[in-house]
Amino acid sequence: MNSSDVWGLVQKVREKSPLVHNITNYVVMNNTANALLSIGASPVMAHAIDEVEDMVMIASALVINIGTLSENWIESMSLAMKAAKLRNIPIVIDPVGAGATKYRTETVLKLINEVRPSVIRGNASEIMALVDSSIKTKGVDSSSSTSTARSYAEKLATEYKCVVVISGPQDIITDGNRTICVNNGNEMMPKVTGLGCTATALVGAFCAVHDNYLIACVSAMSVMGIAGEIAVQTSNGPASLQMNFIDKLYTLSEVDVVSHLRLS
């Protein structure tokens, strides 16, 4: 992969404006929607049991985020994932806080065993917790490094025949056979709540326009990291970073991608 591949998918997202159906948490709905709009996608946040299957029927991708769980939402997630599988649209799941509580870990495992997702995207501890139930997380934050979690991600990808994305100082993307690392981003980014959830939503948008989900995920995470790097340059702290990050997604150019992209 190179910068041409990444920029080509940015252009596809902007041209096709895929509808990304999000069942996501209360904390991030606004930021996630704005990020999707800024990169060129079309977001919808719909979690009511009575409409999720209908919404999936018109969507180009489904993003599931378990950040603020409730029984009704879990039922909605299950119904939406089954409908998305029937339509053969990409399903991206974010196991927020997996490993923090038994409830969270069991919920994610139940969902992904009912319907195999296209992509699982989480931090290192969350991904590790889905492979080893003894792994514990610090709330929704990772207590493990991405490098430590690499073998867990590859095992999870192989077991579920999906792409696994670990976000962190170095993002790791694997389909179990091929693993690519994105070395973009900035240490201030974790200080903005929900940027991991934003990454998951962008993964959904990029998977909606490219059927090679490994390439789509690498492109989405590259865009996240590059936009964050550039936005930090004009930010005084996390609040202004959040604003500048959204702006940079909107103004991201080919020059930005070519000059900043670092893959390994």
Which one is least open to solvent (accessible area, probe 1.4 Å), of the residues in the stretch 234-264 that are part of a loop (DSSP other than H, G, I, E, B) and among the aliphatic types (A, V, I, L, M)?
Leu252
Given the options Gly204, Gly225, Gly196, name the one that is open to solvent by 10 Å² or more (accessible area, probe 1.4 Å), under 23 Å from Val63 (Cβ atoms), small (Gly, Ala, Ser) and touching a strand residue (DSSP E or B) at 6+ places or on another chain (Cβ under 9 Å).
Gly196
In this structure, does Thr193 turn out to be over 11 Å from the mean Cα position of the chain (by Cα) and under 22 Å from Thr24 (Cα atoms)?
yes
Could you check, for the stretch 45-56, whether at least one of its residues is buried (at least 18 other Cβ atoms within 10 Å of the Cβ) and charged (D, E, K, R)?
no
Near pairs, Cβ below 6 angstrom, 6+ apart or cross-chain, from the stretch 49-61 (of a type in the set (A, V, I, L, M, F, W, C)) to any residue that is open to solvent by less than 30 Å² (accessible area, probe 1.4 Å) and part of a helix (DSSP H, G or I):
Ile49/Ser76; Val52/Ser76; Val52/Ala80; Val56/Ala80; Val56/Ala83; Val56/Ala84; Ala61/Gly204; Ala61/Cys207
I'm trying to understand the selection: among the residues of the stretch 1-20, which are open to solvent by 50 Å² or more (accessible area, probe 1.4 Å) and either assigned to a helix (DSSP H, G or I) or of a type in the set (D, E, K, R) (or both)?
Ser4, Asp5, Gln11, Lys12, Arg14, Glu15, Lys16
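The values are calculated or read from the model by the stated rules, or taken from the named source; none is laboratory data. Note that the structure is a prediction, hence the values are computed from the model and not measured. Using ideal geometry, Cβ is built from the backbone for each residue, glycine included, and neighbour counts are taken over all protein chains shown. Surface accessibility is based on the protein's heavy atoms, side chains included, excluding ligands, DNA and RNA. Shrake-Rupley method; radii C 1.70, N 1.55, O 1.52, S 1.80 Å.
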